[in-house]
Amino acid sequence: MSYRLGINLGFAINKYIEPEVWASIVGKDLGLRYVQFVADLLNPFWPKEYIESQIKRILAATKENNIFIESLFTSSFTRVNHLMNPDAEARRLWINWFKSFLDIGSKFGAKNAGSHFGIMTFDTYNNEDKRKFILDEAVKGWQELTFYAKEKGYECLIFEPMSVPREMANTIEETKELLALVNAHSGVPLKVCLDVGHAPHPSQRDPYPWIEELAAVSPIIHLQQTVLHKSNHAPFTAENNKTGIITREKVMETVKKAGCTDALFAFEISHREHWDTDFKIIQDHKESVDYFRAVIKE
């Protein structure tokens with residue numbers, strides 16, 4: 001088995017954006033070796049010259065702190081319609097955006113990359129014909145990206161089950177259907193970026209069946225503490241663990257039961273801008289790492 005602890009860099013957005021700073025936090029303060037880099041820290045829409053200069057800084061900082069960028073993902077500012085945009089020109093822009101994102105990741109040596117599957121507007125979702133059309137367009141877009149990813153040396157692409165029907169994959173069954181649709185004709189396989197707190201459908205709010213059904217096709221598993229009927233993205237502090245439904249023992253037991261033998265467990269913890277939390281970010285992450293280090297030892 002190859003289980004690794006890491007972190008999604010969403011925690012650094014607007015707080016620790018300097019590569020030297022977040023790399024030091026990850027490598028020295030938290031003692032982690034693996035990260036899932038996010039587009040909000042280096043957006044492919046930015047000028048190429050700036051992107052290249054940032055890539056050099058990031059490579060130097062990660063080398064200095066012995067960090068490996070294993071995965072790439074979209075994040076808060078890039079939670080947009082992209083491959084399900086109703087405008088055909090916009091969809092093509094986003095496919096090219098993802099190709100540029102994959103170019104960036106290949107320079108980091110990333111093994112996989114992805115996003116949410118796509119988001120429908122209400123106008124699209126409320127019209128059955130438009131809904132079917134945009135789903136087909138998104139499937140074709142993902143398939144195109146899997147072949148590009150193959151050229152760039154990736155092992156797979158990934159997408160994350162989301163919160164409501166418009167955002168796709170809000171049931172276990174729909175998640176599997178989307179995988180089947182794309183993988184019917186793909187360069188590298190499309191897999192899942194599972195989140196232990198994402199169990200959005202009213203009839204599927206228990207997160208553990210999601211883990212049992214999908215962990216085997218999830219090279220990245222997001223870790224967060226939460227309560228039933230929510231996705232809190234809270235840290236694994238002693239206080240939160242008293243009321244939270246995510247326990248390290250049950251997560252790992254269910255992951256193994258699912259047949260998952262190789263995965264990066266990446267903390268995806270969010271701290272809203274508030275006096276009570278803004279100065280506890282690093283300490284909360286340290287406590288979370290310590291909590292899971294007891295069951296994931298590299």
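The values are calculated or read from the model by the stated rules, or taken from the named source; none is laboratory data. Fair warning: this is a prediction, and the values are worked out from it, not measured in the lab. Glycine also receives a Cβ, built like all others from the backbone with ideal geometry; neighbour counts cover every protein chain displayed. Heavy atoms of the whole protein, side chains included, go into the accessibility calculation; ligands, DNA and RNA do not. Shrake-Rupley method; radii C 1.70, N 1.55, O 1.52, S 1.80 Å.
Details
- Residues in the range 168-179 that are closer than 28 Å to Gly244 by Cβ and open to solvent by 20 Å² or more (accessible area, probe 1.4 Å): Thr171, Glu173, Glu174, Lys176.
- Checking Thr121 against (1) over 22 Å from His198 (Cβ atoms); (2) in contact (Cβ under 8 Å) with a residue 40 or more places away in the chain; (3) open to solvent by 20 Å² or more (accessible area, probe 1.4 Å), the condition it does not meet: (1)
- Matching residues in the range 158-177 - criterion: being farther than 11 Å from His116 by Cβ, under 18 Å from the mean Cα position of the chain (by Cα) and in contact (Cβ under 8 Å) with a residue 40 or more places away in the chain: Ile172
- Residue in the range 52-75 that is touching a strand residue (DSSP E or B) at 6+ places or on another chain (Cβ under 9 Å) and at pLDDT below 95 present: yes
- Number of the exception - Ala238 against (1) of a type outside the set (Ser, Thr, Tyr); (2) open to solvent by 20 Å² or more (accessible area, probe 1.4 Å); (3) under 15 Å from Asp206 (Cβ atoms): (3)
- Filter result (more than 21 Å from Asn43 (Cβ to Cβ) and not in a helix (DSSP H, G or I)) within the range 112-143: Met120, Thr121, Asn126, Asn127
- Residue that is nearest to the chain's Cα centre (by Cα), among those in the range 191-227 that are farther than 15 Å from Val164 by Cβ and among the polar types (S, T, N, Q): Ser218
- Count of residues meeting criterion [open to solvent by 40 Å² or more (accessible area, probe 1.4 Å) and either touching a strand residue (DSSP E or B) at 6+ places or on another chain (Cβ under 7 Å) or acidic (Asp, Glu) (or both)] in the range 201-233: 5
- Subset of the range 159-210 (residues that are within 21 Å of Ser76 (Cβ to Cβ) and of a type in the set (A, V, I, L, M, F, W, C)): Phe159, Met162, Val164, Met168, Ala169, Val192, Cys193, Leu194, Val196, Ala199
- Scan of the range 180-200 for residues that are touching a strand residue (DSSP E or B) at 6+ places or on another chain (Cβ under 6 Å), open to solvent by 10 Å² or more (accessible area, probe 1.4 Å) and either more than 14 Å from Asn112 (Cβ to Cβ) or assigned to a strand (DSSP E or B) (or both), ordered by number: Asn183, Lys191
- Contact map, the range 30-50: residues that are closer than 22 Å to Asn65 by Cβ paired with residues that are open to solvent by 30 Å² or more (accessible area, probe 1.4 Å) and of a type outside the set (Lys, Arg), Cβ distance under 7 Å, separation 6+ or inter-chain. Pairs shown: Arg33/Asn66; Arg33/Phe68; Tyr34/Phe68; Asp40/Ser76; Asp40/Phe77; Leu41/Ile17.
- Being modelled with pLDDT of 95 or more, assigned to a helix (DSSP H, G or I) and surrounded by fewer than 17 Cβ atoms within 10 Å (Cβ to Cβ) is a condition met by at least one residue of the range 149-160.
- In the range 207-231, the residues that are part of a strand (DSSP E or B) form Cβ pairs under 6 Å with partners that are among the acidic types (Asp, Glu), at six or more places apart or across chains, as follows: His222/Asp195; His222/Glu268.
- Scanning the range 257-298 for residues that are among the polar types (S, T, N, Q) and either open to solvent by 100 Å² or more (accessible area, probe 1.4 Å) or more than 16 Å from Gly27 (Cα to Cα) (or both) gives Thr261, Ser270, Thr277, Gln283.
- Residue within the range 82-103 that is under 25 Å from Tyr3 (Cα atoms) and touching a residue at least 40 places away in the same chain (Cβ under 8 Å) present: yes
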